[in-house]
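What follows is a short report on a single structure.
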Amino acid sequence: MRGQGRKESLSDSRDLDGSYDQLTDSIEDEFELSTVCHRPEGLEQLQEQTKFTRKELQVLYRGFKNECPSGIVNEENFKQIYSQFFPQGDSSTYATFLFNAFDTNHDGSVSFEDFVAGLSVILRGTIDDRLNWAFNLYDLNKDGCITKEEMLDIMKSIYDMMGKYTYPVLREEAPREHVESFFQKMDRNKDGVVTIEEFIESCQKVCPHPSPALGRVGIQEPGNSVVQIVGAAGARE
């Protein structure tokens, strides 16, 4: 029974990858069984759970497996991968925040399922879906509200990530000024925190119709890696 389960799991991975050669199946079976720590759910199930097509999931899986052969990525690996997208700055802190947003079950790792679930919301979700995801990213301690301290940490991490060359005349107080501006617009009842309701209502007034076309850039390209896809998604947020 255990062998049968392993074979079914490998079949799911092959379905996602879409690029196996029958002549090397036995060699790859042995290699995968010894190196892959986590195998993704079946392709049909992932199609039902996300808004990606079969082809897009295969492209995403190839990129994910390329960067993460074990099938999962931990925080340090994620930061390493993400830093390649922002070589001009220090993206480590923002990458940690982004990792925690993808790691929805808080087990310290991001699987392919976690990855495509988050990506599907960011790129293909409804306006409310995207805003809920963004709120979860900014709510660092996950207590249901955003404080000025949390927003300041986010703003500082974004400036650090973009690097000094992007902002050659950046003043030290600029991140805090952005936070004050954010709270003036978002904190409707002036209680010092922003709730999910305040966040969604304010964002929808500022940008009621975000362009869905942005979410479709690049996923169809077979050469895309997790670095490009996650980097682009994080930059949009």
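Details
- Pairs with Cβ under 9 Å, 6+ apart, first in the stretch 47-67 and free of Cβ contacts under 8 Å to residues at least 60 places away in the same chain, second open to solvent by 100 Å² or more (accessible area, probe 1.4 Å): Gln47/Arg54; Arg54/Glu44
- In summary, Asp128 fulfils each of the numbered conditions (1) of a type outside the set (Val, Ile, Thr); (2) buried (at least 16 other Cβ atoms within 10 Å of the Cβ); (3) within 26 Å of Leu46 (Cβ to Cβ); (4) over 14 Å from the mean Cα position of the chain (by Cα) with the single exception of condition (2).
- On inspection, Tyr159 does not qualify as part of a helix (DSSP H, G or I), open to solvent by less than 10 Å² (accessible area, probe 1.4 Å) and modelled with pLDDT under 90.
- Members of the stretch 97-119 found to be open to solvent by 10 Å² or more (accessible area, probe 1.4 Å) and of a type in the set (Gly, Ala, Ser), listed by number: Gly108, Ser109, Ser111, Ala117
- Residues (more than 17 Å from the chain's Cα centre (by Cα), of a type outside the set (S, T, N, Q) and closer than 16 Å to Thr93 by Cα) located in the stretch 131-157: Glu149, Glu150, Met151, Leu152, Asp153, Met155, Lys156
The values are calculated or read from the model by the stated rules, or taken from the named source; none is laboratory data. Please read these numbers as outputs of a predicted model, since none were measured by experiment. Positions of Cβ are backbone-derived with ideal geometry, glycine not excepted, and every protein chain shown enters the neighbour counts. Heavy atoms of the whole protein, side chains included, go into the accessibility calculation; ligands, DNA and RNA do not. Shrake-Rupley method; radii C 1.70, N 1.55, O 1.52, S 1.80 Å.
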